[in-house]
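I have placed the structure first, in the form of structure tokens, so that the comments after it can refer back to it.
The values are calculated or read from the model by the stated rules, or taken from the named source; none is laboratory data. In this text, all values refer to a predicted model and were calculated from it rather than measured experimentally. Cβ coordinates were reconstructed from backbone atoms using ideal geometry, including for glycine residues, and neighbour counts include every protein chain displayed. With ligands, DNA and RNA removed, areas are computed over all heavy atoms of the protein, side chains included. Shrake-Rupley method; radii C 1.70, N 1.55, O 1.52, S 1.80 Å.
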Amino acid sequence: MTKETFMIEEISKDIVLLLMEEHGMSMEEAMRTLYTSDTYGSLANLHTGLYAQSTAYVYEYLEKELATGKMA
């Protein structure tokens, strides 16, 4: 596992937990929400560098995407 893959997985885990806590989602729903989002697509794309940002920063992008249907 590369450092980048590890960082993506850690951020993803934290975001799933935040979605469960703040939105009352089940684990399955939170994972589906994250992994089908444009935000996750950008997070997983190493060229964007989003994986190097904080969980809070990435979560903010996802929150905006969920509210507007578009990535921030």
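Brief remarks follow.
- In segment 18-49, the residues that are touching a residue at least 12 places away in the same chain (Cβ under 8 Å) and β-branched (Val, Ile, Thr): Thr33, Thr39
- Residues of segment 45-56 classified as within 19 Å of Thr5 (Cβ to Cβ) and either part of a helix (DSSP H, G or I) or open to solvent by 70 Å² or more (accessible area, probe 1.4 Å) (or both), total: 8
- Output for segment 1-44, where each listed residue is open to solvent by 80 Å² or more (accessible area, probe 1.4 Å) and either modelled with pLDDT under 95 or among the small types (Gly, Ala, Ser) (or both): Met1
- Some residue of segment 43-61 being acidic (Asp, Glu) and in contact with a helix residue (DSSP H, G or I) (Cβ under 6 Å, 6 or more places away or on another chain): no
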